[in-house]
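Novice: First, the structure itself, so that you have it in front of you.
No value in this document is a laboratory result; all are computed from the given coordinates. Predicted model only: the values in this text are computed from it and were never measured. Note that we place each Cβ from the backbone using ideal geometry, even for glycine, and neighbour counts take in every protein chain shown.
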Amino acid sequence: MASWRTALGAAALVVAGVVSAAAPAAAEDGGFTLEDGRITESSGLAASRAHPGVYWTHNDQDGPRVFAVDSRTGRTVATVTLRGVGTPRDMEAISVGPDGAVYVGDIGDNLDGSWDHVWIYRFREPERLRDQTVDATQHVVRYADGPRNAEALMVHPRTGRVYIASKNEDGGGLYEGPARLSAGGANVFRRVGEVPWVTDGAFSPDGTRLVLRGYFSARVYAWEDGRLGRHEPVNAPFQGQSESVTYTPDGSAMLFGSEGERSGVVSVAVEDAPARSRTPSPAGGEPGGGDTAGRGGKGDGGDGGGGNATVGALVLGGAAVLYLGWKRLRRGARSG
């Protein structure tokens, strides 16, 4: 046990040193801080379609409610309580569909398969932003290949189809829901792709890209005929508890969020789509893992290439030691 504590300490120093030396370039519109003291576990983030400059978020362990936040001030402008749904278990994601509805994914399962079904809550975006209670529909979700943990729910902005990315340190799956969710029975989601370790995801406003983030990095995929296409790394920020991602309504930037009191939302400008095609990552690791040499956003040997790859490798290595060590210590504590 002592050796793991020593390794954890060394890894923490490596990660802290590297993170302090590297940060992504922020988009011109900047980010914001979640000022509401009630928001301590912001696990999802989605741009409003009805109210420019407003973003929806929620806690993962909370009652059936979501918060509308003004990105200019970071202040909550509406708390919306959902009526007609049960007690949430682990709300992990939020997305806004082309039908004008907000979708909340109560899809977390930290025991990796302890529940045979999870839920999606759906409600129409309010016309006026004020504290209110609204009617919501509760959709039952089951996976065709059995229960699993997930933290990412994405609604395609053109088709309205719902997708879920499961979360697993060895690699997860991308699951496709039915063309329309039913409120009368279970909605079966089927595996249509392989993804890395994912904590959130979002489609670009035009529906041509899908960004998936993990704890330490992110990756953007081309979305081609309803399936994952080529992919490239994103210069995502390093955050204490990397939980959420969304696009701005105009698609010019991605916003990356984190858990914690007064947590920050970081804006990162979207670069042009890469000219070189890539195949999807194999299962396992983080969205930014794999062969990153010579694939910087500014071309081979450019400012965003080898340096970012080295930083990513150091952070991923140190973070992996931290995570695995934490699991080992926790198992030891439980058996002691």
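Novice: Net charge near T73: determine it from the other residues with C-beta under 12 Å of the C-beta of T73, scoring Lys and Arg +1 and Asp and Glu -1.
Specialist: -1
Novice: Okay, next question. Between N187 and residues 5 or more places away or on another chain, which pairs have amide H atoms under 5 Å apart, with H built 1.01 Å from N, and which residues are they?
Specialist: V140, V141, R142
Novice: Okay, moving on. Please compute the net charge surrounding Y121, taking Lys and Arg as +1 and Asp and Glu as -1 over other residues with Cβ under 15 Å from its Cβ.
Specialist: Local net charge: -3.
Novice: Using the per-residue mean of other Cβ atoms lying within 10 Å as a proxy for protection, in what order, highest first, do the peptides 149-156, 255-262 fall?
Specialist: 149-156, 255-262
Novice: List the residues, sorted by chain then number, that are 5 or more residues from D109 or on another chain and whose placed amide H is less than 5 Å from its amide H.
Specialist: Long-range HN contacts for D109: A150.
Novice: Here's a follow-up. Based only on the alpha carbon positions, what is the Kirkwood hydrodynamic radius of the stretch 91-218, in angstrom?
Specialist: With all distinct Cα pairs of the stretch 91-218 included, I get 14.8 Å.
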